[in-house]
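Remarks on the structure that follows.
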Amino acid sequence: MENEKTTPTYHQAWKMNLRAWKIWWGLCPGVFFSTLASSITEAITPYVTIFFSARIINELAGNRRPEELTKWVILTLSCTAICALLQGIFSRWANYEKASASRLDSQIYMKKMLALDYADIDRQAVFDLYSQIRQNDQWTGWGIYKTLYFFEELVMAVVQIAGGVSLSVSLFLLKVPQNSSLALINHPLFAVGIMGLMLLIAAVSPICVNQGNQYWVRYASKAKLGNRIFGFYGQMPMDKKRAWDIRMYQQQENVCDVYFSQTELFTPNSAIGRNAKGPMGLWNALSRCVSAILTGVVYAFVCLKAWAGAFGVGSVTQYVGAITQLFQGLSRLLQVLGMMRANGEFLQDNFAFLDIPNRMYQGSLTTEKRSDRNYEVEFRDVSFRYPDTDQWALRHVNIKFRVGSRLAVVGMNGSGKTTFIKLLCRLYDPTEGEILLNGINIRKYRYDEYIRIFSVVFQDFKLLSLPLGENVAGAARYDRDRVKQCLEDAGFGQRLEALPHGLDTYLHKDLKDEGVDISGGEAQKIAIARALYKDAPFIILDEPTAALDPIAEAEIYSRFNDIVTDKTAIYISHRLSSCKFCDEIAVFHEGEIVQMGTHEELAADTSGKYYELWNAQAQYYTE
Ligand code: ADP
């Protein structure tokens with residue numbers, strides 16, 4: 001999806017920009033009002049000075065009336081003071097709004113990430129796209145946030161142009177006396193010619209700046225790998241979980257000298273660095289040169305007319321000032337339009353990500369609330385391939401869960417056990433076949449309803465840096481007694497008593513200094529308690545005892561029936577000895593269920609996979 005990038009036209013870039021503004025309008029409309037107010041006052045302020053000082057100079061060079069002079073001086077001072085005051089207030093307000101907006105910027109992606117289908121989160125292309133967006137933003141500042149800067153610049157440019165036109169239009173209308181030797185200047189073609197020349201020069205300056213800016217676009221995608229290496233290795237020393245490994249294997253040199261120095265993205269020797277020194281700098285210098293020429297042309301024209309007697313000396317300052325501002329506004333306008341086009345290239349990434357559709361079909365049926373927990377789930381000839389792969393992870397799986405039974409799912413690594421559970425929880429839809437709940441395809445149920453019937457302890461579960469009780473309940477308000485009971489059932493009772501603030505103890509230290517660090521085994525018990533608290537009709541345990549010591553493991557097994565009660569339990573393990581207490585065992589091999597039966601039945605089949613696995617492990621596990 002990120003390879004389909006083409007340079008957008010001005011029209012396309014403008015449309016994308018409008019879309020970005022619409023997003024900001026929804027998130028924080030205040031940023032537009034404040035920017036409008038601050039940009040207008042900022043753009044008008046120079047004109048106030050230009051206008052009033054022209055009046056004062058004209059009076060000084062003309063009639064020199066004290067009362068007129070006093071009036072203009074007081075007006076100049078008070079208007080300038082008011083402008084400065086307003087500018088101060090509005091720019092503070094605008095800064096505040098922009099700071100709020102920059103915080104909201106990450107929320108745009110966070111919300112999208114949370115709403116994505118799980119299958120898309122798992123895709124490398126999606127991850128690549130997101131990391132490109134982050135890197136565009138962090139490296140060059142281009143992307144959605146940049147569009148706020150364009151709004152500010154556009155408002156400034158428009159006000160500057162309008163102010164400049166209104167203060168300089170009389171320059172072209174006032175005529176030099178007919179008897180003057182310079183009466184030729186009065187010819188309309190002369191005015192048109194001089195305006196054309198000024199516009200031409202004014203247009204060249206931003207073109208030069210935009211040429212320089214193109215280098216950012218050119219190197220954006222090339223910088224992706226470098227930026228990732230920089231991000232990863234730059235952050236690595238700060239990750240305390242890695243500190244032990246780095247020291248143990250003396251990876252410091254490897255990390256710093258080899259990989260880190262390979263990323264010359266941010267060094268003066270990088271391609272962009274060399275260009276900044278060379279062509280980018282030259283384009284900028286050229287732009288300034290051209291601006292200086294423009295000022296020269298303006299001075300020449302205005303002074304010529306004043307010399308020929310078209311207007312007084314005070315007006316010279318007004319016209320020179322106003323036209324300079326006017327062309328600054330024009331230049332600003334063209335520059336911002338060019339930048340908007342360059343940014344369009346980056347916005348394509350932003351919108352490609354935000355437009356990833358939710359492809360997973362959303363049904364509308366609600367699941368029955370059954371106190372007898374009589375939910376029947378069946379896999380009917382289910383096959384599955386992960387997106388963008390051509391290997392079958394599951395093939396022709398047929399299985400029906402008996403309500404209230406305990407099913408063990410065993411098999412070697414990569415045999416499809418976790419995939420089977422992911423499909424059961426509808427993180428993915430089957431490529432072929434269907435999964436039924438009480439006879440109806442699970443796609444037809446509302447997803448949030450369907451997922452409610454499962455409690456899962458995934459192997460790589462994640463706990464939050466929040467109080468223990470909130471972790472177990474998954475909510476800020478919860479039934480404290482029930483949480484305690486679940487923790488006790490999961491074997492965490494004794495540890496709970498020792499915790500300084502009981503259920504209110506923070507896990508980890510990310511949010512609270514007095515948070516407690518917990519071992520892998522303790523975390524697993526909390527994760528089991530969380531699954532119990534959900535009290536769903538199905539409980540799925542994916543290697544639930546992997547991080548437990550043998551005593552804790554034995555404790556969980558001995559309580560397995562208490563823990564599971566009348567729920568339907570699915571227990572995934574490659575430790576066969578721990579599956580014996582299950583009613584039925586499904587043996588997975590290369591994505592297929594190759595055997596089903598009780599431990600005794602399967603162990604008796606000496607030609608079966610189970611027998612082979614059992615014997616391979618028997619040397620480690622004495623019964
Ligand atoms: P198990 O849980 O039995 O170890 P898995 O269900 O994790 O096995 O994996 C089954 C097969 O699917 C393996 O060949 C694995 O490489 C592949 N697989 C697992 N996850 C993904 C994924 N996200 N994308 C592509 N292939 C995957």
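The values are calculated or read from the model by the stated rules, or taken from the named source; none is laboratory data. Bear in mind the structure is a predicted one, so any value in this text is a computation, not a measurement. Backbone-built Cβ (ideal geometry, glycine too); neighbour counts: all protein chains shown.
Annotations
- Residue 145 fulfils the conditions (1) more than 36 Å from the chain's Cα centre (by Cα); (2) surrounded by 19 or more Cβ atoms within 10 Å (Cβ to Cβ) except for a single criterion, (1).
A quick yes/no check of all residues on (1) in contact (Cβ under 8 Å) with a residue 12 or more places away in the chain; (2) out of contact with any Asp or Glu (no Cβ under 6 Å at 6 or more places or on another chain); (3) not assigned by TED's automatic domain parsing to the domain that holds residue 403:
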{"position": "491", "(1), (2), (3)": "yes, no, no"}
{"position": "496", "(1), (2), (3)": "yes, yes, no"}
{"position": "508", "(1), (2), (3)": "yes, yes, no"}
{"position": "514", "(1), (2), (3)": "yes, yes, no"}
{"position": "525", "(1), (2), (3)": "yes, yes, no"}
{"position": "551", "(1), (2), (3)": "no, yes, no"}
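- Hits in the stretch 330-381 (condition: basic (Lys, Arg) and either farther than 25 Å from residue 154 by Cβ or outside the structural domain of residue 121 (by TED's automatic domain parsing) (or both)): 359, 369, 370, 373, 380
- Checked against (1) surrounded by 13 or more Cβ atoms within 10 Å (Cβ to Cβ); (2) farther than 30 Å from residue 108 by Cα, residue 200 passes all but a single condition, namely (1).
- Taking the stretch 411-436 as the range and being touching a Ser or Thr at 6+ places or on another chain (Cβ under 7 Å) and either away from the ligand (no atom under 13 Å from the Cβ) or at pLDDT below 90 (or both) as the test, the residues that pass are 430, 432, 433.
- Residues in the stretch 380-410 that are modelled with pLDDT of 90 or more, farther than 21 Å from residue 456 by Cβ and more than 7 Å from the ligand (Cβ to nearest atom): 380, 381, 383, 385, 390, 392, 395, 396, 398.
- The set of residues from the stretch 521-539 being modelled with pLDDT of 90 or more and among the charged types (D, E, K, R) comprises just one member, 530.
- Filtered residues of the stretch 562-611 (kept if away from the ligand (no atom under 16 Å from the Cβ), buried (at least 19 other Cβ atoms within 10 Å of the Cβ) and of a type in the set (S, T, N, Q)): 568
- Meets criteria (in contact (Cβ under 8 Å) with a residue 40 or more places away in the chain, hydroxyl-bearing (Ser, Thr, Tyr) and in a loop (DSSP other than H, G, I, E, B)) for residue 465: yes
- Of all residues making up the stretch 41-76, the number that are closer than 20 Å to residue 163 by Cα, over 48 Å from the mean Cα position of the chain (by Cα) and of a type in the set (D, E, K, R): 1
- Failed condition for residue 165, given (1) surrounded by fewer than 19 Cβ atoms within 10 Å (Cβ to Cβ); (2) within 16 Å of the ligand (Cβ to nearest atom): (2)
- Being under 29 Å from the mean Cα position of the chain (by Cα), farther than 17 Å from residue 541 by Cα and within 16 Å of the ligand (Cβ to nearest atom) is not true of residue 448.
- When the helices (runs of 4 or more DSSP H) confined to the stretch 483-567 are screened for residues that are closer than 22 Å to residue 455 by Cα, those reaching at least 3 such residues are found at 520-534, 550-558, 560-564.
- Qualifying residue in the stretch 329-347 (condition: over 38 Å from the mean Cα position of the chain (by Cα), surrounded by 20 or more Cβ atoms within 10 Å (Cβ to Cβ) and within 23 Å of residue 299 (Cα to Cα)): no
- Applying the criterion of being aliphatic (A, V, I, L, M) and part of a strand (DSSP E or B) to the residues of the stretch 441-462, the residue that is nearest to residue 382 (Cα to Cα) is 456.
- Residue under evaluation residue 192, criteria (1) surrounded by 13 or more Cβ atoms within 10 Å (Cβ to Cβ); (2) among the β-branched types (Val, Ile, Thr); (3) at pLDDT 85 or above, criterion not met: (1)
- The single condition from (1) touching a helix residue (DSSP H, G or I) at 6+ places or on another chain (Cβ under 7 Å); (2) within 22 Å of residue 219 (Cα to Cα); (3) of a type outside the set (A, V, I, L, M, F, W, C) that residue 348 fails is (1).
- Pairs with Cβ under 6 Å, 6+ apart, first in the stretch 412-430 and more than 13 Å from residue 442 (Cβ to Cβ) and in contact (Cβ under 8 Å) with a residue 12 or more places away in the chain, second near the ligand (Cβ under 10 Å from one of its atoms) and of a type in the set (A, V, I, L, M): 416/393; 416/394; 417/409; 417/572; 419/393; 419/394
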